[in-house]
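The values are calculated or read from the model by the stated rules, or taken from the named source; none is laboratory data. Computed from a predicted model, the values in this text were never measured in an experiment. Note: ideal-geometry Cβ built from the backbone for every residue, glycine included; neighbour counts use all protein chains shown. The accessibility values were calculated without ligands, DNA or RNA, using every heavy atom of the protein model including side chains. Shrake-Rupley method; radii C 1.70, N 1.55, O 1.52, S 1.80 Å.
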Amino acid sequence: MHTTPDAPTAPRRAGRREWIGLVVLSLACLLYVMDLTVLHLAVPQLSEDLRPSSTQLLWIIDVYGFMVAGALVTMGTLGDRIGRRRLLLVGAAAFGAVSVLAAFSTTPEMLIVSRALLGLAGATVAPSTLSLIFAMFPDPRQRSRAVGIWIGAFSAGSAVGPVLGGLVLERFWWGAVFLLALPVMGALLVLGPKVLAEYRDPGAGRLDLLSVGMSVTALLAVVYGVKQLVQDGVTVTSSAAVVGGVVVGVLWTRRQGRLADPMIDVRLFGIRTFRSALVVNFTAIFVMVGYFLFVGQYLQLVVGLSPLVAGLWSLPSAVAFVIASQAGPRVVARFRPATVVAVGLACAAVGLGLLTLVAVDHGLTVLVVASVVVAIGMGPVFGLTTELVVGSAPAEKAGAASGVSETAAELGGALGIAALGSVGAALYRAGVASGLPVGLPADAAAAARDTLGGAVAVAGGLPGPTAEALLATARASFVAGLQLTSGVAAVVAALIAVVAAVALRDRPATSGSSEPDPVPARDGCIVEA
């Protein structure tokens with residue numbers, strides 16, 4: 001008697017509990033981005049109150065991303081071992097507690113430390129939410145939609161953040177923007193245990209603490225070195241940091257290949273789709289976050305808008321990003337990923353090119369239009385590349401793979417702020433130093449040279465003609481930095497569009513999801529109610 005092979009079992013489809021769980025996870029993602037976008041709006045008030053130097057201001061803004069990048073791989077791997085839901089809830093509680101500390105910081109140093117601790121807590125959020133989504137939605141079509149909603153939650157955070165931040169800053173001090181985290185994290189802690197199942201890898205062994213230390217050291221050393229290199233040029237300190245970080249990273253990679261229970265299965269980097277999508281995702285976020293640093297300051301300190309109005313003018317680009325990211329899964333069902341990503345990056349390059357036309361006295365319309373064009377281009381790119389990266393990994397390694405994906409994203413954002421922000425700051429300082437009004441007191445001149453917010457605060461205490469001369473010089477220098485960094489970002493976006501078109505050309509249209517590349521799988525995940 002002849003027997004026929006069993007038909008492939010259809011993937012389990014998610015039900016009501018999973019979709020409600022996705023809403024809860026989206027709350028965490030929304031907060032994750034809000035914490036960054038609201039800080040950009042608070043920069044002018046923060047600069048006036050705490051009087052940070054330009055270097056301290058950059059650290060206040062980007063140390064969050066640095067710490068997230070340094071800890072994401074560790075947190076993703078830890079989630080595979082102790083449970084992804086458990087790690088998410090612990091991180092949510094810590095995030096809420098440290099947000100209070102940040103809100104009541106009284107010195108630049110205290111705020112930098114608070115932001116660093118927020119980064120460590122925030123590192124539990126992104127890999128936990130993404131790996132939970134891949135476990136909750138095994139059906140390719142549902143998973144693609146869920147990842148799109150996940151990306152949309154990040155987009156919504158960028159839309160809601162400026163508006164809520166603007167409302168808060170209209171009535172309260174700059175630190176109040178951090179308190180926006182409390183109700184969101186409270187909701188996550190209450191609803192999470194009820195609607196999220198626990199997922200963990202039963203085959204995950206003991207976490208290698210030496211590997212943890214090496215990974216954090218390597219990432220932070222490279223990031224610090226690049227930041228100092230851009231800011232101060234080639235120095236012994238910057239060169240030693242970069243070289244030391246790379247050496248530690250190489251040793252870490254070799255150690256993972258020898259360990260029975262590695263933090264990351266380094267074989268994943270041998271998959272073309274995995275590494276290509278990772279590079280594209282990293283560079284796209286480098287470009288987008290790097291230029292966005294200048295937008296909030298331009299709207300408030302150059303155009304002269306209030307925080308609330310500045311937040312409202314930021315809405316069009318945020319809404320465009322939400323719409324574009326949600327359209328991504330439908331577009332990918334008809335066109336190859338290489339086409340979608342390359343066209344999106346080319347569109348973003350055009351928008352960034354438009355930003356070079358922004359001027360001191362007539363730049364608001366150009367800035368808004370350019371930001372919308374960038375958002376439309378970048379919207380589908382992030383969701384698609386993220387799904388390609390994590391979808392290439394075995395299911396039981398979803399936490400570690402999502403940790404790699406989010407590390408690349410956060411590292412790209414942190415380096416974008418560090419590199420492009422430092423270039424803009426250097427150009428600003430040079431312009432202001434050469435055009436300061438005669439007779440300005442030494443301490444006032446130093447404050448004006450550091451940041452645009454410092455220059456605006458100094459001008460408030462000067463006689464009319466001197467104040468106008470200082471503001472004209474400072475605003476012109478800031479806009480020159482905005483134009484240069486936007487031009488650099490446009491070139492980078494155009495180059496990575498070509499890379500994406502070539503590197504991802506073998507991936508077919510997905511009909512809703514990417515099929516994972518063949519990677520030897522190990523034991524599946526344990527699922528607990």
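Sorting Trp150, Trp173, Trp252, Trp59 by accessible area puts them as Trp173, Trp59, Trp252, Trp150; the probe is 1.4 Å, largest comes first, and only protein heavy atoms count. Return an integer: the convex hull volume of the alpha-carbon atoms of the range 163-295, in Å³ per residue. With only Cα atoms used, the range 163-295 gives 211 Å³ per residue. Membrane-span-like helices of the chain, defined as complete DSSP H segments with a Cα extent of 24 Å or more along the helix axis and a mean Kyte hydropathy of at least -1.0, are identified as 16-50, 54-82, 84-103, 140-171, 209-232, 236-258, 272-297, 307-332, 337-355, 364-391, 398-435, 464-503. Here is the tail figure for the range 77-149: Cα pairs spaced more than 17 Å apart come to 53 percent of all pairs. For the range 140-185, the solvent-accessible area works out to 35 Å² per residue, with a probe of 1.4 Å and every protein chain left in place. One equal scatterer on each Cα of the range 335-381, no solvent, Debye formula: the resulting log10 I(q)/I(0) at q = 0.13, 0.19, 0.24, 0.33 Å⁻¹ is -0.31, -0.55, -0.73, -1.06. The eigenvalues of the Cα gyration tensor, multiplied by 5 and square-rooted, give the range 20-161 an equivalent ellipsoid with semi-axes of 30, 16, 11 Å from largest to smallest. Ordering Val247, Val309 by accessible surface, largest first, gives Val247, Val309; the 1.4 Å probe counts only protein heavy atoms, with every chain in place.
For Thr253, the accessible area of its heavy atoms, probed at 1.4 Å with every protein chain present, is near 60 square angstrom.
Average the reciprocal distances over every distinct pair of alpha-carbons in the chain, invert the result, and give the Kirkwood radius in Å. About 23.5 Å, per the Kirkwood formula over Cα pairs.
Based on protein heavy atoms only, the range 241-313 ends up with 39 Å² per residue of surface accessible to a 1.4 Å probe.
A 1.4 Å probe, protein heavy atoms only, puts the accessible area of Asp361 near 130 Å². The modelled label-to-label distance between Ser53 and Arg13, using points 7 Å beyond Cα along the C-beta direction, is 6.1 nm. Just to confirm a number: summing +1 for Lys and Arg and -1 for Asp and Glu over residues other than Arg475 whose beta-carbon lies under 11 angstrom from that of Arg475, what do you get? Neighbourhood net charge equals -2.
Would you mind estimating how fast the range 36-98 diffuses translationally, via Stokes-Einstein at 20 °C and 1.002 mPa s with the Kirkwood radius over Cα pairs, in µm²/s? Before the final figure, lay out each step's value.
Details: Rh = 13.7 Å.
For the chosen part, D equals 156 µm²/s.
When the accessible area of the chain is split by element with a 1.4 Å probe, what percent falls to carbon and sulfur? Spell out each step's value before the answer.
Numbers: 13640 of 20090 Å².
Carbon-and-sulfur percentage of accessible area, whole number: 68.
Going by average Cβ density within 10 Å per residue, which order do the peptides 353-359, 186-192 take, highest to lowest?
Details: 353-359: 18.4, 186-192: 16.0.
Order by mean packing, descending: 353-359, 186-192.
Once Rh for the range 86-243 is found with the Kirkwood sum over Cα pairs, what is the Stokes-Einstein diffusion coefficient at 37 °C and 0.692 mPa s, in µm²/s? Each step should come with its number before you reach the end.
Values: Rh = 18.7 Å.
In µm²/s, the coefficient is 176.
Computed per residue of the chain from DSSP H runs no shorter than four, each worth -39500 (n - 2.57), the mean residue ellipticity at 222 nm is -26500 deg cm²/dmol. The amide H of Glu198, built 1.01 Å from its N in the peptide plane, has Glu528, Ala529 as neighbours under 5 Å, considering only residues 5 or more places off or on other chains. Can you list residues from other chains, or at least 5 along the same chain, whose modelled amide H is less than 5 Å from the amide H of Asp139? The list, which skips near neighbours in sequence, is Ala14.
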